[in-house]
Each structure stands twice: as C-alpha cells, then as structure tokens.
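Structure record follows, encoded as structure tokens.
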Amino acid sequence: MPLAKLQITNFESHQNTEIEFSKGLTVIIGEPGKGKSAIVRALKWLLYNNLPDTGFIRQGCKQSIVKVFLANGYIITREKGPQTNRYLLQHKDSDQKEYFEDVECKVPRELTALHGVKVVYFDPDLPVSLHLEDQHEGPFLMLQPDSVRLKAIAHICNGDLFDKAKDETANSLAALREQVKMLNRQLDFLTCLHHKERKITSLQKKRNEIVRHIDSLNHEIDLIVQTYSLLDQASYQALRRACEKVEALVTHALRYVFSTDLEFRIQIHEFGTKPKVQFAVLSNLGYFVTTYAPHDTRNRAIVDLISVMLRIALLEMGPSPLPGPLILDEPGRCISGKHASYFGRLLKILSDQFERQIILVTRDHRLTGSADAVYVIEKKDGRSLLHYRGNSPRVNCDQFSYT
Ligand SMILES: Nc1ncnc2c1ncn2[C@@H]1O[C@H](COP(=O)(O)OP(=O)(O)OP(=O)(O)O)[C@@H](O)[C@H]1O
Ligand SMILES: [Mg+2]
C-alpha cells in the first residue's frame with residue numbers, strides 16, 4: 001500500500017515535518033547532517049519497529065510521534081514517551097481508534113497487513129528489511145553467506161516449496177527403506193527357523209507373505225526415487241529460470257546506467273553439500289566477480305547499482321510482488337557523473353513499470369531529475385525544514401524493456 005503522507009514530531013532533528021509522497025518516485029535532497037536519514041529512521045521505526053534505542057527522541061523533548069497516512073485512508077501512528085510506547089490505528093473517515101500498547105520491537109499484524117512492509121527471512125536467523133535500505137548497510141545480499149544468497153534467489157521461484165516437497169519425499173523414502181530392512185531381518189529369522197524345522201508349512205507361508213510385502217515396498221521405493229529425481233530437476237530448472245529473470249533485469253539496468261556491454265550473471269556451484277553463489281559481471285574488458293569484499297573499492301558504482309536492482313528483483317519477481325514502498329537511503333553512492341542522472345531516471349522508470357512507490361533520500365542532486373516529487377531539506381536553529389520543489393518531466397518508459 002503506498003504511503004500518502006508522513007508527519008514527524010520531535011524525532012531527531014525533526015520538530016514538525018510533513019511530507020506528501022508521490023505514488024511514484026519521491027526524492028528528498030539535502031546536504032550532510034540536515035536530517036535526511038532521520039526521515040528514513042522515522043519510517044523504519046513505524047514500519048519495522050526495530051530502532052535500537054530511544055536516542056531518537058528530539059533533544060529537550062519527552063515524546064516522539066511518527067504518523068503515516070496510507071493511500072487507502074488508514075492512519076498509523078507510532079509514539080513513544082515517558083508513559084507511552086504504542087501504535088494507534090485510525091481511518092480518516094471514522095472517529096474509532098484502536099491502540100496497540102507496549103509493543104516493544106513487534107509490529108502488530110493488523111498494521112503489517114495494511115502497509116505490506118515486513119521483515120523477510122531467507123534464513124531463520126537472518127531478518128532482512130527488503131523494503132528499506134539503510135545508509136550504511138553495505139551492498140544488499142553481497143555480504144551474506146552463500147546459503148542466504150541461494151535462498152533469496154530461490155524465493156523467486158518458490159524454492160522453499162520445492163525444498164519442502166523434496167524433504168517430505170526423502171523422509172518417506174527413509175521410512176520405507178527402514179521398513180524393508182526390518183522385514184528382511186524377519187525374513188532371515190524365519191529362514192533360519194525353516195531350516196531347523198523343515199516341515200512347518202505355516203512358516204513357509206509367512207515367509208512368502210513377507211517376500212511379497214518387500215517386493216511391493218521396493219516398487220514404492222522406486223517410484224519415490226523417480227519422484228525425488230523429477231522434483232530435483234524441476235527445482236533446478238526453476239532456480240535457473242529465476243536466475244535468468246534476475247540476470248536480465250540487472251543486465252538491462254547496468255547497460256542503461258553505464259551504456260556499455262556489461263552483463264550480470266549469477267553463478268551457482270555445489271561443493272559437497274555447500275552451495276557457492278557468486279554474482280559476476282562480464283564486460284568487454286574482462287570478467288569480475290562482484291560478491292563484495294568491503295575493502296575492494298574497484299567497481300563500487302557497479303556493485304551499488306546491482307545492490308539496488310537485487311532488492312527490486314526480490315520485491316517484484318517472487319511468486320507475487322511484495323506490496324509496500326521501497327525506501328532507499330543514499331542509494332548508488334559511488335555512481336557518478338552522467339551515470340548518476342541515468343540512475344535517477346532508471347529508478348523513475350522502474351517505479352512506473354512495477355507501479356512501486358519509491359522514496360529516496362540523497363545528497364546527489366542528479367537523482368532528482370526524473371522524480372515525481374522533490375523535497376529539499378535544510379536545517380535552521382537545529383531543526384530540519386522541508387520545502388517542496390515540485391515535480392519533474394516524465395521519462396519515456398519505452399526506453400527500458402528487459403523481458
Ligand atoms: N535526538 C536528537 N535530537 C536532535 N537532533 C538530533 C538527534 N539525533 C540526531 N540529531 C541530529 O540529526 C542530524 C543527523 O541527521 P541525519 O543523520 O538524518 O543527517 P543526513 O542528512 O542523513 O546526513 P548525511 O548526508 O551525512 O547522511 C545531526 O545533525 C544530529 O545532530
Ligand atoms: Mg544520512
């Protein structure tokens with residue numbers, strides 16, 4: 001659900017800030033220290049409720065309040081003060097108010113269902129804020145273990161369903177094999193008895209029954225082995241197809257922004273039971289692997305773009321697109337010169353094409369060129385102040401097609 005408006009009261013450098021968002025691309029631009037990231041943190045507090053401490057309450061004030069107006073008329077308020085730590089839900093056409101008290105770090109499900117933003121788990125121990133990129137987060141997915149990268153790509157093709165089906169098939173197989181083992185032991189025992197007491201026909205009969213049972217179980221095992229192998233092939237094909245979709249999207253973005261023959265590839269190798277998943281870029285100058293090393297500043301602009309595009313791919317290309325806005329703090333920091341203008345245009349095009357609301361804060365004026373709404377942020381007397389600077393001409397979306 002798009003966010004229509006944000007009101008921030010006494011949160012970090014914001015005393016009373018109001019921003020009306022476009023349904024497309026909203027850019028907030030300002031110099032360092034003016035309170036841009038504070039807007040992202042205010043949104044993060046309301047949408048994810050996971051700010052580490054209460055240092056966000058504006059100096060000299062007792063209470064912070066952040067209010068989001070959703071495009072469907074619902075209004076969600078997050079407030080924290082000496083006596084309160086709660087959410088409040090209202091609708092603009094009703095006087096009814098619903099409070100969610102003492103929420104600690106959880107977001108009530110009723111609210112998540114309304115705005116659509118929630119933590120995603122590609123790994124049970126690793127919550128990912130897919131909708132919101134912090135300023136100092138590092139390239140998306142590139143610092144994660146290979147297994148998480150693999151699960152993230154597999155999310156696009158319902159990989160967890162394949163995994164579940166394969167696990168259940170493997171469990172049935174193990175149970176059947178155990179049963180056959182047990183029956184074989186019984187058979188050995190009966191054979192032994194039969195040798196000792198040759199004339200007992202009931203033993204012979206029992207043996208024959210067990211042999212028939214083992215045959216039918218073995219037949220079932222053969223079928224399950226074939227099913228497992230088909231599932232394995234299908235999940236591999238689905239994963240390959242997911243990789244191709246992401247590769248096509250990222251490759252087109254690279255070519256759009258950098259105007260060269262760059263090509264993005266996802267390389268998956270199995271080493272024993274451990275997968276190795278690398279993001280690679282091919283260019284006419286050669287080939288480099290982008291799975292990111294923090295101290296490697298080579299090609300950082302390319303890494304920055306891939307990072308944003310992977311986030312967009314995961315939001316858009318799953319079994320169904322994940323609703324909610326995409327919020328970016330200083331995306332594409334290392335993309336410079338005319339490439340930065342193209343990056344701004346690309347975000348606008350992607351927002352139009354996927355009908356995805358994008359809200360970004362940046363120091364780089366080149367990212368404002370194609371936005372639907374632009375705000376400039378300044379700071380006066382320790383207070384952040386926002387000015388609406390209008391909207392920009394539309395970009396021709398025909399220039400970007402990746403399927
Ligand atoms: N609790 C608070 N009360 C008042 N001001 C605060 C509080 N917490 C942080 N600030 C102020 O907010 C400002 C930081 O704002 P923010 O991090 O949003 O800047 P920014 O515009 O994102 O800068 P940059 O471009 O460097 O990322 C600082 O000037 C800091 O002093
Ligand atoms: Mg900042």
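Only the coordinates and a few stated rules stand behind these numbers; no lab work does. Here the structure is a predicted model, which means the values were calculated and not measured. Reconstructed Cβ throughout: ideal geometry from the backbone, glycine too, with neighbour counts over all protein chains shown.
Let me see the P(r) profile for the chain: every Cα-Cα distance counted, bins of 20 Å, each bin given as a percent of all pairs.
Taking every Cα pair in the chain, the percentages come to 23, 44, 19, 10, 3, 0.
If you take every residue apart from GLN357 with its C-beta less than 15 Å away from the C-beta of GLN357, what net charge results, scoring Lys and Arg +1 and Asp and Glu -1?
The answer is -1.
Would you mind checking the tilt of helix 146-156 against the longest principal axis of the Cα atoms of the chain, expressed as 0 to 90 degrees and rounded to 10?
80
Quickly rank 150-156, 258-264, 224-230 as a protection proxy: mean count of other C-beta atoms within 10 Å, highest first.
Ranking, from highest mean packing down: 150-156, 258-264, 224-230.
Under 14 Å between alpha carbons, and skipping anything fewer than 8 positions from LYS164 in its own chain: which aspartates and glutamates qualify?
Counting by Cα, and skipping residues close in sequence, LYS164 has these aspartates and glutamates nearby: ASP232.
Run the count for the stretch 165-235, please: Lys pairs, Cα-Cα under 24 angstrom, 8 or more apart or on different chains.
For the stretch 165-235, qualifying lysine pairs total 6.
Give me a comma-separated list of calculated 3J(HN,Hα) values for the stretch 243-257, in order, Karplus coefficients 6.51, -1.76, 1.60 applied at θ = phi - 60°, integers in Hz, x for any Gly or Pro.
4, 4, 5, 5, 4, 5, 5, 5, 4, 5, 5, 4, 5, 5, 7
For the chain, take the longest principal axis of its alpha carbons; what is the angle in degrees between that and the long axis of helix 337-354, to the nearest 10 within 0 to 90?
So the helix axis and the longest Cα principal axis differ by about 60 degrees.
Which value, in nm² and rounded to one decimal, describes the direction-averaged projected area of the C-alpha convex hull of the stretch 165-235?
With every direction weighted equally, the projected area is 4.6 nm².
Would you list which lysines come within 30 Å of LYS97, measuring only between C-alpha atoms, while excluding same-chain residues fewer than 8 positions from it?
Cross-link targets: LYS5, LYS23, LYS44, LYS62, LYS67, LYS80, LYS106, LYS118.
Just order 30-37, 18-25 by mean Cβ neighbour count inside 10 Å, highest at the front, would you?
18-25, 30-37
When only Cα pairs under 8 Å and 6 or more residues apart are kept, what is the percent relative contact order across the stretch 165-235?
Computed value for the stretch 165-235: 53 percent relative contact order.
Working from Cα positions, state the angle (0 to 90°, nearest 10) between the long axis of helix 159-196 and the longest principal axis of the chain.
20
Calculate for the chain the 222 nm mean residue ellipticity that helices alone would give, adding -39,500 (n - 2.57) per DSSP H run of length 4 or more and normalising by residue count, nearest 500 deg cm²/dmol. Please list the in-between numbers first.
Details: 7 runs with 162 residues, N = 403.
About -14000 deg cm²/dmol.
Sort CYS243, CYS61, CYS192 so the one with the fewest other Cβ atoms within 10 Å of its own Cβ comes first.
Numbers: CYS243 20, CYS61 13, CYS192 9.
Fewest-to-most ranking of CYS243, CYS61, CYS192: CYS192, CYS61, CYS243.
Sequence gap at least 6, Cα distance under 8 Å: using those rules, report the relative contact order of the stretch 61-211 to the nearest whole percent. Could the numbers behind the result be given before it?
Numbers: 119 pairs, mean separation 13.6, N = 151.
Averaging sequence separation for qualifying contacts and normalising by length gives 9 percent for the stretch 61-211.
Which order do the peptides 344-354, 97-107 come out in when sorted by mean C-beta neighbours inside 10 angstrom, highest first? Mind showing how you got there, number by number?
Numbers: 344-354: 22.3, 97-107: 12.2.
Packing order, densest peptide first, comes out as 344-354, 97-107.
Based on the Cβ-Cβ distance of SER283 and ARG185, what FRET efficiency does E = 1/(1 + (r/R0)^6) give at R0 = 56 Å, to the nearest 0.05?
Rounded to the nearest 0.05, the efficiency is 0.35.
Suppose R0 equals 45 Å; then what is the FRET efficiency for ASN208 and LYS166 from their Cβ-Cβ distance, rounded to the nearest 0.05?
Values: r = 36 Å, r/R0 = 0.79.
E(calc), rounded to 0.05, equals 0.80.
For Cα pairs less than 8 Å apart in space and 6+ apart in sequence, what is the mean separation divided by the residue count of the chain, i.e. the relative contact order in percent?
Numbers: 690 pairs, mean separation 94.4, N = 403.
Reported as a whole number, the value is 23 percent.
Once the convex hull of the alpha carbons of the stretch 23-165 is built, what does its volume come to per residue, in cubic angstrom? Walk me through the intermediate numbers first.
Details: hull volume 24.4 nm³, N = 143.
Dividing the Cα hull volume of the stretch 23-165 by its residue count gives 170 Å³.
Taking the Cβ of each residue in HIS252, HIS213, HIS387, HIS14 as the centre, tally the other Cβ atoms inside 10 Å and list the residues starting with the fewest. Please list the in-between numbers first.
Working: HIS252 18, HIS213 15, HIS387 11, HIS14 27.
Ordered by Cβ neighbours within 10 Å, fewest first: HIS387, HIS213, HIS252, HIS14.
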